[in-house]
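Structure first, commentary second.
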Amino acid sequence: MDKVILAKENGTDVSDMRTAYCDTLLELAEKDERIVALDADLMGAMGMKPFAKRFPARTVDCGIQEANMIGVACGLAVWGKIPFAHTFGPFCTRRACDQIFMSGAYNKANVKVVGSDPGITAAYNGGTHMPFEDMGIMRGIPTMTVVEPTDIVMLKDLLPQIADTYGMFYMRLVRKEVRKVYDEGSHFTIGKAAHLRDGSDVTIIASGYCVAEALDAARALRGQGWELLPVMSFAAGQDTRFGRASGWRHQLEGLTGRPVLDTLQAVEPLGPRHLADALVIAPCTGATLARLAEGLSDTPVTLAAKSLLRVGCPVVIAVSTNDGLGASGENIARLYQRKHYYFVPYGQDDPNTKPQSLKARFELLPQTLEAALEGRQLQPVLQCPCG
């Protein structure tokens, strides 16, 4: 049974996700000798040395051989083990995709793949370590269940259920600190979400670990009288694969007063049926920028954009990406050339340590939205630096 208890404040949690991951896996391994931990030379980075010390015979460090690690994990699964195989997100999804598909999913194996540092959370490791397409890759694999824990409370509730559920899982996991969303005692059920109240003016979209900032944006708009319609990407709460993220939904639905739209079927009528006047993508990560620039409509986010653009409604983008002046820069420029796209003014949020990072000034979102509804871009767009 779902039991979502929201935290009173969304401040940074007292610990980090990797510590919670290791501690919870240790607890599970004490009770179930089938649980095995694998890594690709990242035991220290993932905080898994305590597990290796407690269970040296059930720990396999495969070195920098991600594809081989997945093969080993699938072999262990054949012999009845429950392997949790971790490496950075791009390496376990792109580099080891064929092994996950053939040795894992095709073989109906019981393997839990953990990809850390999703999206811009790779921070100083740079673009080579930032997986924006990992969820799309894994979602396309038959039998794969994809989940993305929001905070420590959700992660601790999620791991035992993943271990107890036979089949292939991909868990997208922030390694370090996250903002607290749930209080202890919360419980999440795959495939079930909360339905709260209604609203009608603006569609707001959020994804995974970025939802905390989206909640800030929602509060700002709600405080100015906007009626909000929340749309979540698959990464944040698609019911059949992301039910563990229902608490994010609970907060968004509480703020907006409407049930979350998280399927392609739900968002497709937004434009033709005039269900919203504008679309706000906040925050808009590098992955979403790329999809929008390429004209892809394979997620609720991008299909919602396409649906509203069809009828000339504005799409407001609040950029938040570590490679805004790098790989994502081209996609930003391409969207500038298209009709009905508007940007919340943005700037470098940390020019000295993250010179390519761009972040929207979320406090200007209401003014940007009002200008967009009048068919104009709020100026100046470039505001450097911004906090």
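The values are calculated or read from the model by the stated rules, or taken from the named source; none is laboratory data. Remember, predicted model here, so these are calculated numbers, not experimental data. Quick reminder, even Gly has a Cβ in these numbers, built from the backbone with ideal geometry, and neighbours come from all protein chains shown.
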Per the list (1) under 24 Å from A220 (Cα atoms); (2) among the β-branched types (V, I, T); (3) out of contact with any Lys or Arg (no Cβ under 7 Å at 6 or more places or on another chain), residue check on V311 breaks on (1)
Any idea how many residues of region 48-73 are among the polar types (S, T, N, Q) and either at positive phi or in contact with a Cys (Cβ under 6 Å, 6 or more places away or on another chain) (or both)?
-> 1
What is the residue count in region 6-25 for residues that are at pLDDT 85 or above and either in a loop (DSSP other than H, G, I, E, B) or more than 25 Å from the chain's Cα centre (by Cα) (or both)?
-> 1
Kindly list, by first and then second residue, each pair from a residue in region 69-89 that is aromatic (F, W, Y) to a residue that is in a helix (DSSP H, G or I), limited to pairs with Cβ atoms under 7 Å and residues at least 6 apart or on different chains.
-> F84/L25; F88/H129
Within region 85-140, tally of residues that are charged (D, E, K, R), touching a Lys or Arg at 6+ places or on another chain (Cβ under 8 Å) and not in a helix (DSSP H, G or I) = 2
Residues satisfying the stated conditions in region 322-360, i.e. in contact (Cβ under 8 Å) with a residue 40 or more places away in the chain, hydroxyl-bearing (S, T, Y) and out of contact with any Leu (no Cβ under 6 Å at 6 or more places or on another chain) = T353, S357
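Condition check ((1) over 21 Å from S357 (Cβ atoms); (2) among the small types (G, A, S); (3) modelled with pLDDT under 90; (4) under 21 Å from the mean Cα position of the chain (by Cα)) across all residues:
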| site | (1), (2), (3), (4) |
| --- | --- |
| G286 | no, yes, yes, yes |
| P300 | yes, no, yes, yes |
| V311 | yes, no, no, no |
| V316 | no, no, no, yes |
| S320 | no, yes, yes, yes |
| L325 | no, no, yes, no |
| R338 | yes, no, no, no |
| F343 | no, no, no, no |
Considering only residues that are under 23 Å from the mean Cα position of the chain (by Cα) and either in a helix (DSSP H, G or I) or of a type outside the set (A, V, I, L, M) (or both), look in region 48-82 and name the one that is surrounded by the fewest Cβ atoms within 10 Å (Cβ to Cβ).
-> E66
Considering region 346-363 alone, what residues qualify as being in a helix (DSSP H, G or I) and surrounded by 19 or more Cβ atoms within 10 Å (Cβ to Cβ)?
-> F362
Exactly one condition in (1) touching a Pro at 6+ places or on another chain (Cβ under 8 Å); (2) surrounded by fewer than 21 Cβ atoms within 10 Å (Cβ to Cβ) is not met by A372; state its number.
-> (2)
List, please: which pairs have Cβ atoms under 6 Å, are six or more places apart or on different chains, and start with a residue in region 283-304 that is buried (at least 24 other Cβ atoms within 10 Å of the Cβ) and end with one that is part of a helix (DSSP H, G or I) and modelled with pLDDT under 85?
-> P283/C210; P283/E213; T285/G119; T299/F234
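Yes/no per residue for (1) outside any loop (DSSP other than H, G, I, E, B); (2) out of contact with any Ser or Thr (no Cβ under 8 Å at 6 or more places or on another chain); (3) more than 30 Å from T128 (Cβ to Cβ):
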site	(1), (2), (3)
H274	no, yes, yes
I281	yes, no, no
A304	yes, no, yes
L308	yes, no, yes
V316	yes, no, yes
G324	no, no, no
A333	yes, yes, no
R338	no, yes, no
P366	yes, yes, yes
If we keep just the residues of region 262-282 that are surrounded by 24 or more Cβ atoms within 10 Å (Cβ to Cβ) and over 17 Å from Y342 (Cα atoms), which is farthest from the chain's Cα centre (by Cα)?
-> L270
Residues in region 164-175 that are surrounded by 15 or more Cβ atoms within 10 Å (Cβ to Cβ) and out of contact with any strand residue (DSSP E or B) (no Cβ under 6 Å at 6 or more places or on another chain): how many?
-> 2
